[in-house]
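**Q** After the C-alpha cells below, expect a handful of questions from me.
Read-outs: derived from the displayed coordinates by stated rules, not from any lab. Everything numeric here is computed off the predicted structure, so don't read it as measured data. Ideal geometry is used to build each Cβ from the backbone, glycine not excepted, and the neighbour counts take in all protein chains shown.
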Amino acid sequence: MYNPTNILEKNSLQLLYVEDETKARELTHTILKQYFNKIVTAVDGEDGYNKFQNNKFDLIITDINMPKINGLDMIKKIRETNKDIPILIISAHNDTEYLLKSIEYRIHGYLLKPFQREQFNKVITKVINELTEKQNQKNKITLLKQYQKIIDKSSIVSKTDKNGLITYVNDAFCEISGYTREELIGRNHNIIRAKDEPKETFQELWKTIKIDKKTWEGVIKNRTKNNGLYYVKATIKPILNENGEVEEYIALRSLITDIIHPKKQLLDFLKLTDEYLIVLIKIEHFDYIQSSLSKDELEEVEKKFAQEIFKVQTNKKDFQKIYLLEKGEFVFAKKMEECKKSIPSIIKYLKEFKETINNGKIHIESINYNLSILISFAYGRDAFEDAEAGIKQLIETKQDFIIANGLRERQKQEALKHIKKFNLLRDAIDSYNIISYFQPIVNNKTKKIDKYESLVRLVDANDNILSPALFLDSAKKGKYYSQITSIVLRNSFQALYDTQMTISINLSALDIEQPKTREEFFELLKQHKSQAHRIIVELTEDENIKNINTIKKFINKIRKFGVEIAIDDFGSGLSNFSRVLQYQPNYIKIDGSLIKNINKDKLAKNMVETIVNFAQKANIKTVAEFVENKEIFEILCDLGVDYSQGYYFGKAELLKK
C-alpha cells in the first residue's frame, strides 16, 4: 500500500488546488495534506489563474464548474504559457464535451466526484511518482538521460529508428497490444494502427517529428493483436545528436480508454467486424427513477445496476466487457466469429440472465429498488441499430425481451409506407378528394332506411376509392387527421339537405379533445340549427382519453341542439358498461365482431342478447353492425335489436338525392 510520506521525504512539490465549493475544498484539502507539504488553494478559476501566474507550481488540481472562469477555461489559459505542468480534474461532470476538451488541453487525469479514496490514491501516487521522476530527469544531459526522461514504468513506451522501424518496446506496450517483443521488433507501428484512424493524423505526426524535429502530442486509437481497441495519449519525441540530426524516436503513451465516451468505444468496436452479437439492456422505468433521484443518486443506481449485471454476466463468462451508455442502458457486444454458442443457446441464456437480474435488489439511501431490466438481442451486420429499435418496441408493447433481428429495416419500411400515405393524404386534401360515403341503417320493424352513417373515403390519383383502413391510422400519426375530421363534419352536415333521414357521424376522443374540432362542430350546429336534431354522434372508444370531463361537457352541450349520442363498437375491446353511465347514450351500436358469427357462435349470441336486454331496460335503442345475410338479420330481430346496418341492406355509397 502506498505511503505518501515516502514521497514527501524525497520531494518538495507545490500544489495549486482550485475549488469553489467551500465544503468540498476543505475536505479535499485535508486529504491532499497527506501527500503535499505545500498547498495553495484558490476559490475559482480567476483566482487560480492569478495564483498560477504569481507562483511556481509542480501540479494543479481543479474543478470544472466554477464562477468567473470555469476550470476548462482556466486550463486553456494556463496551457498558453505552460504546456507541460500536470493537471488533474476532479469533477461531477462526465459529459462528452468536457472529456474531449480535457483531452485537448492535455490533462493528466480525470476523477469523477464523489471519488473513491483508493482511486484517488492511485492517481495521486502516479502523478507524484511521475513528477519526482521528471525532477530527476532534468539532471540528465546525455542521450541516456533523454531516454530516461520519457521512460516511465507506468507508461507504454516504444523506440524506433530513423526509418520508423521498432527497435524497443517495454512490458506495458506488449501487455496492452497483445504482441510479443519478437513480433514487434523490426516492424513499423502500422501493426497496431486502427484501420479507420485517419491517414492525415499520421502525416501530420511524421511531419512534426521528422521534418520539424519537434515533439508531437495527440490521441491515437490503436488495435490489439486480437482486434480489440484501446486509446492512448501519445507523446513522440525525436532524439537528436550533437549536429541536430534525428538519431531515433521515442514514444511515450498513456492509456486513456476509460475517459473516452463508452458509446464511441462501442461504435469503434463494431467497426472491427461485419457481424456481431449485441445485447442491449435497459433499466425498466428508468425515466421515473431519473425523476425521483438527484444526479449523484442516479449515478449510484446506474453504477450498482452495472455491477449486478456484470457480476451475473461474468459468472457465465460469455462477454468480457460491458459498455455503460446513457439513460440507464448497457451493452454487451461480441464478434460473431468469437461466439462458440448457438443462437438458441444464447437466447436461452439471456432469458435466464434476465430472470436472475430481476430477482435482485439494490439499496440507495432509504429506498430499495427491485432490479428490473429489458433485453433486446440482435446479431448480424446491423445488430446495434436493430437492438436500439427493439428497446423502443419493448417500451411501447410493455414486454421485457425481444429478438430484434431485422427490426430496424422493418421499421424503416413501415416509415416509408407512412410517408407515402402522408403524400397521398396531402394530395387528396389539396384536390378535394376526401369525400363521404353513407351506409344505410334499417329499422328492423319497418325494414326501411331510417338513418345513414357518414363514412370517410379517399379518392386517389387513379380514381380508386380507398376505405379509411388504408389511410386513417397514418393520418393520426401526422398533421392531416384533424383536417380530414373537418372535411367529414362539413360533408355530413351538408348531407342533411340531401335526405330526410338522420345522419350519424363518428367522433373519437382524439377528435373531441381537440379544441379546434369542438369549436367547428359547435359552429356547424349553429349554422344548421334547424336540422341539427337529425345528427347522431357515434363516440368511438380510445384508450388514450386524457380527460373524460371534456367528453362529458361536449355531450351535454351538443344535446341542447337535439343531437343524439351513440356508443360505437359496443362489446369490443375497450367499450364497457361504465361508458353507458358516463355518456347516457340514445343508442348502443353492437360491434360487428359479435354479429358476424351470431348464427354459428352461441356465446356471441348470448352476449348480444345480454346487451339487448340491458339496453331495453335502460330505454336505449340498439344497432347491429355487420349484418350480411338474412339469417343473421332474423336472429337479430328475434333478439329484439332495433336497427341493422350491413351489406345485407347496402354498402356505403355516395348519397343519392
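**Q** Are any of the pairs Lys476/Lys553; Lys122/Lys162; Lys56/Lys295; Lys398/Lys651 more than 32 Å apart by Cα-Cα distance, and if so, which? Write out the running numbers ahead of the final one.
**A** Values: Lys476/Lys553 24 Å; Lys122/Lys162 36 Å; Lys56/Lys295 37 Å; Lys398/Lys651 39 Å.
Among Lys476/Lys553; Lys122/Lys162; Lys56/Lys295; Lys398/Lys651, the Cα-Cα distance tops 32 Å for Lys122/Lys162; Lys56/Lys295; Lys398/Lys651.
**Q** Something else about it: Per 5 Å bin, what percent of the C-alpha pairs of region 1-129 does each bin hold, from zero upward?
**A** For region 1-129, the pair-distance distribution reads 2, 10, 23, 25, 22, 12, 4, 1.
**Q** Same structure again: Quick one: of Lys327/Lys412; Lys33/Lys237; Lys159/Lys207, which pairs are farther than 26 Å apart, Cα to Cα? Don't skip to the answer; put the middle values down first.
**A** Details: Lys327/Lys412 24 Å; Lys33/Lys237 35 Å; Lys159/Lys207 18 Å.
Checking Cα-Cα distances, Lys33/Lys237 exceed 26 Å.
**Q** Need one number: % antiparallel among DSSP beta bridges in region 418-644, to the nearest 5. Please report the intermediate quantities before stating the final value.
**A** On the way: 14 of 37 bridges.
Roughly 40 percent of the DSSP beta bridges within region 418-644 come out antiparallel.
**Q** What is the chain's relative contact order, in percent, from Cα pairs under 8 angstrom and six or more apart in sequence?
**A** Values: 1024 pairs, mean separation 41.1, N = 657.
After rounding, I find 6 percent.
**Q** Separate question: Would you calculate a helix-derived [θ] at 222 nm for the chain, using -39,500 (n - 2.57) for each DSSP H run of n ≥ 4 and dividing by the full residue count, to the nearest 500?
**A** Values: 25 runs with 276 residues, N = 657.
It lands at -12500 deg cm²/dmol.
**Q** Could you compute the net charge surrounding Lys327? Neighbours are other residues with a C-beta less than 9 Å from the C-beta of Lys327; K and R count +1, D and E count -1.
**A** Working: positive: Lys282; negative: Asp287, Glu326, Glu329.
So the environment of Lys327 carries a net charge of -2.
**Q** Another question, then. Could you work out how far the C-alpha centroid of region 107-124 sits from that of region 483-527, in angstrom?
**A** Rounded to whole Å, the Cα centres lie 67 Å apart.
**Q** Kindly work out what percent of the DSSP beta bridges joining two residues of the chain are antiparallel, to the nearest 5. Numbers along the way, then the final one.
**A** Working: 64 of 106 bridges.
If I count the DSSP bridges inside the chain, around 60 percent turn out antiparallel.
**Q** Given the Cα atoms of the chain, and with Rh set as the inverse mean 1/r over their pairs in the Kirkwood sense, what is Rg to Rh to two decimals? Working shown, then result.
**A** On the way: Rg = 37.0 Å, Rh = 31.8 Å.
Rounded to two decimals, Rg over Rh is 1.17.
**Q** When all C-alpha to C-alpha distances in region 418-644 are sorted into bins of 5 Å, what percent of pairs does each bin hold, rounded to whole numbers?
**A** P(r) over region 418-644, rounded to whole percents: 1, 6, 14, 17, 18, 17, 14, 8, 3, 1, 0.
**Q** Take the cross-link list Lys447/Lys617; Lys271/Lys392; Lys101/Lys271; Lys516/Lys617; Lys221/Lys361 and give me the ones stretching past 31 Å between alpha-carbons. Walk me through the numbers on the way to the answer.
**A** Numbers: Lys447/Lys617 23 Å; Lys271/Lys392 24 Å; Lys101/Lys271 25 Å; Lys516/Lys617 37 Å; Lys221/Lys361 38 Å.
Too far apart for the 31 Å limit: Lys516/Lys617; Lys221/Lys361.
**Q** Then there's this: How do 412-420, 609-617 rank on mean C-beta neighbours within 10 Å, highest first?
**A** 609-617, 412-420
**Q** Using a cut-off of 12 Å between beta-carbons, work out the net charge of the residues near Asn50 (Lys and Arg +1, Asp and Glu -1, Asn50 not included). Mind showing how you got there, number by number?
**A** Working: positive: Lys51, Lys68, Lys77; negative: Asp44, Glu46, Asp47.
Neighbourhood net charge equals 0.
**Q** Give, to the nearest whole percent, the P(r) tail of region 143-259 beyond 23 angstrom, counting all Cα pairs.
**A** Details: 1594 of 6786 pairs.
Here the long-distance tail beyond 23 Å is 23 percent of all Cα pairs in region 143-259.
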